[in-house]
Structure formats: structure tokens, C-alpha cells
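These notes are about the structure you will find just below.
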Amino acid sequence: FQMCPGRVICKLLCSGEKEVDLAVQSAKGAFKIWSQMSGMERSRVLLEAARIIREQRDEIATLETINNGKSIFEARVDIDISWQCLEYYAGLAGSLAGEHIQLPGGSFGYTRREPLGVCAGIGAWNYPFQTACWKCAPALACGNAMVFKPSPFTPITVVRLAEILTEAGVPKGLFNVVQGGAATGQLLCHHPDVAKISFTGSVPTGSKIMEMAAKGIKPVTLELGGKSPLIIFSDCDMENAINGALMANFLTQGEVCCNGTRVFVERKILEVFTKEVVKRTQKIKIGDPLLEDTRMGALINRPHLDRVQGFIKQAKEQGAEVLCGGDLYVPDDPKLKNGYYMRPCVLGKCKDDMTCVKEEIFGPVMSILPFDTEEEVLERANNTKFGLAGGVFTRDIQKAHRVVAALKAGMCFINNYNVSPVELPFGGYKASGFGRENGRAAIEHYTQLKTVCVEMGNVESVF
């Protein structure tokens, strides 16, 4: 493989009404077989898929780097999380059960956890393979089928996942892939045989999907955007807090929905913290993402790069100070000259009413804001339409738990950031969406509960 940013790597046909219907009907047929298998049988197939992914980790990671532009170092982590997700839900598949409830006179009731049917998964371009695994693993473990539409910007690796699942032994068509943009997504959402929709992406698109799902009374899981606060108290471990701030802003070129892009720093350490963050940011190795020492690759496409730089320009116009980065980066390697690279940016002198502080940039841009008191910073941290994530760095464990309890966010971090073990539920509050991916919580979103009441005596009629 060779990394050649800005060049076409493949062409795919968009799935129209005919193709989407074929995919759904294929999944519907496979569902009849898969849903009748025991949880243990499904578990064995998912474990085999996890094994294949683990064995092909480097190959899939390379494909993902070419697909997305992130560093090979990060892509390998994404693939590891992917097979771990399949393993986790394989472990739960055999334990899915309802309840038995004793009633008077020897009568009883019980509940059954039943699959929904054909689920639609619509993925984002920042974690293409991992997002597909986060969605399909719980869906398939519960006995569902899935039709998945990746982002048109990153269409490749999800096809490889479909091949792996088929190789592992799922019925043909159980995990189907359709390609395309908004029109293809709309066809999926409106299809009468799609029982549920799980979407990862922007707030405006999530709102439209929710509206479409409402017409068919379909449940949805929405994992949307964020503008998450990262609160650095003066009693923190400074080195750890600096590492946390970098992790919270610059993974995958800053293209991460839960990034802690509003970095609130207690005023007494503001100067020291800012100086060190800028110093470390300037040392981030940018370039060919397939090289082992690269830590920041290319942004997803030219329009997005222009959009991110537009935010930086507006920030300067509104009074923010560019402390480092923000400009285009042209690698020495001639084959990378057309790549969508920029230097990671740190903004100082930021205020809460600036656009760069209020809106999701989705690029490598950190905004630093000073604060004086815990009460003040919590009010400011929560003053946002988003509620995906939040973090706190402090040595005071009581304060840490007090602060995360007060944060209006679905995913909180104490003395770390952007750590997402598959055992823990992931999802947001407010405009950042609802429903949860990962953990046992996801099982609730891919099953429906049936109640059965059994009368052991005679029916007492009131007529």
C-alpha cells in the first residue's frame, strides 16, 4: 500500500431504491435463520469473527488508514477495540434471558427478550470499522440482522467486515452493506421492513433521521456531536493533565465527537499549562499516516479542511489568539503534497461566547479558557446544547466525583480522556443524542420485551 492523499482510491456505485430493498430483503431472510439459533450458537460465530479480525489486525488497520487518513498507530487501536467488541457481545449472547415472576395460586408470568428484526446502521467517517462493530456486535448477538451504510467518504473497510462475518459463519445477507449518501440513508430509514435505526454523525442529520423514524414508529439510537468540557484544576498532576488535554483534542486529527475541546484551566496554573501544551502540540509528528512514528495524518477531505480553517479565522476575528498551528502543512514527501494536512492549533484568550467555543469544529483545534472557582466552571461547562462527554483532572478524588456528578454529559472521565472500553456504555445527553452503544445497555436497544401471563386455575369471568 502507498499513501497518496487527495487521489481517488476507488469508485463505488450508490445504492438506490432497488439495491436498498434487495439488501433489506436479504437481511430479512437471514434473520429468520439467525434469530432461531441459540445464543451460544451465535456466540461461536461472533467469536470466530473476532478471531479473524485479530489475526488480520495489521492488514485491516492499513486499509483503515488509507480509508480515513488517521495514523496507522491509531488505526491498530481501533481494530483492537473492534474485535474486543465482538468478543464482549459474544460473551453476552448466551446469557440473554427474561424474568420469571411468581403470581398467586401457582400462576406465573415470564418475559422474553426477542430480537427486533432488520436493523439499519448508519456510520460516520471518523471511525468507520470500529463504528460498524459497535453497532453490529450487539445487534447480531441479540439475534437481529443489519443493513449498514458507511459514510461515502470512508466506504471501504465496512465491506471487509461483511466478508469477515460471512467467513465466520453468519447466514448470507445477515450483515449487508449499502453504499451512498443522504438519499441512500433516507431509503433505509423509510423502508417498512427496517425495525430500528442506529446513527452516528452530526446533530442536523440525527434530527432528520429521528423525524423519518417517527413516521414508521421506529426506535432510534443517536450518537451525535459534542463540544465537551475538560476541566483542569490547579491540584492536578500537571504532566497527566497535559497528556489528557492532547488526547482530548488531537486524536484522529481532532475528528472525534467526544473530544474535550473546551479546556477550562484554573487561572493559577493557566500560564504554565498553556506554555507546556503549546510546546507539546508543536512537536506532534504530522505526515504519512502509514509511517510508524506519525501521530497526526490528514483530515478527511478538502471541504472539511477549509471548514476547520474557517473556524480558526473567525476565532482570530473574534479576539482569540492563535498560540500555535492552524496553518496548512505540506509534507516534504512529494506524493503527499496534495494531502489535507494542517498543523494542530491551540487557541488562547478564548471566551465562552466565541464561535470556536460554542460550535463543534471537528478538527485539531483546542480552545483554552481560564476559570477561578468550581461553581463557576461547572455553570460554564454545562452552558451548551451538547452533552456527550466531559472530563476533570484533579488529585482531590471527592472533588472529581462531585464535578462529574454535576456535569450534564453521558460519558465522563476522571484523570484520563477518550478511553472507551467496550464494557462501558457510550452515549450523550441533550443534543448529543440518546440511547447507548457498548456495555450491557446496548442490549436494551436491540431487543424487545414480550410479557407472557400463565393462569394455572380457571378464568374468573365478570360477565
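The values are calculated or read from the model by the stated rules, or taken from the named source; none is laboratory data. Small disclaimer: the values here were computed from a predicted structure and weren't measured. A quick note on method: Cβ atoms are made from the backbone with ideal geometry, for glycine too, and the neighbour counts reach across all protein chains shown. In case anyone asks, the SASA skips ligands and DNA or RNA and just uses the protein heavy atoms, side chains included. Shrake-Rupley method; radii C 1.70, N 1.55, O 1.52, S 1.80 Å.
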Inset, instruction - Could you list the square roots of 5 times each eigenvalue of the Cα gyration tensor of region 148-244, that is, the equivalent ellipsoid semi-axes, sorted largest first and rounded to whole Å? - result: 34, 21, 12
Inset, instruction - Just need the relative contact order of region 241-375 here, percent rounded to a whole number, with Cα pairs under 8 Å and 6+ apart. - result: 33 percent
Legend entry - Euclidean distance of C-alpha centroids, region 228-245 and region 416-463, integer Å: 35 Å
Inset, instruction - May I ask you to give the solvent-accessible area per residue for the chain, in square angstrom, as obtained with a 1.4 angstrom probe? - result: 44 Å²
Legend entry - region 335-404-region 65-109 distance, computed between alpha-carbon centres (Å): 31 Å
Inset, instruction - Obtain the radius of gyration and the Kirkwood radius of region 229-414 from its C-alpha atoms and give Rg over Rh. - result: 0.97
Inset, instruction - Report, for the chain, the % of DSSP beta bridges that are antiparallel, rounded to 5. - result: 35 percent
Legend entry - Helix 17-34 vs. the chain, principal-axis angle (Cα, 0 to 90°, nearest 10): 60 degrees
Inset, instruction - Determine the order of F250, F153 by accessible area, beginning with the largest, at a probe radius of 1.4 Å. - result: F153, F250
Inset, instruction - Could you state how much accessible area E423 has, in square angstrom rounded to the nearest 10, with a 1.4 Å probe and all protein chains kept in place? - result: 110 Å²
Inset, instruction - Excluding residues fewer than 8 places away in the same chain, name every one of the lysines whose C-alpha is closer than 28 Å to that of K351. - result: K227, K268, K275, K279, K283, K313, K316, K385, K399, K408, K430
Inset, instruction - Can you check what the net charge comes to around Y127, using other residues whose Cβ is under 10 Å from the Cβ of Y127 (Lys, Arg +1; Asp, Glu -1)? - result: -3
Inset, instruction - Evaluate the charge dipole of region 217-369 about its Cα centre and quote only its size in Debye, nearest 20, assuming +1 on the Cβ of each Lys and Arg and -1 on the Cβ of each Asp and Glu. - result: 300 debye
Legend entry - V118 long-range amide H proximity, modeled H, under 5 Å: A145, A195
Inset, instruction - Would you give the gap between the C-alpha center of region 138-209 and the C-alpha center of region 254-286, rounded to a whole Å? - result: 36 Å
Inset, instruction - Determine the order of F434, F311 by accessible area, beginning with the largest, at a probe radius of 1.4 Å. - result: F434, F311
Legend entry - Whole-percent carbon and sulfur share, accessible surface of region 229-414, 1.4 Å: 49 percent
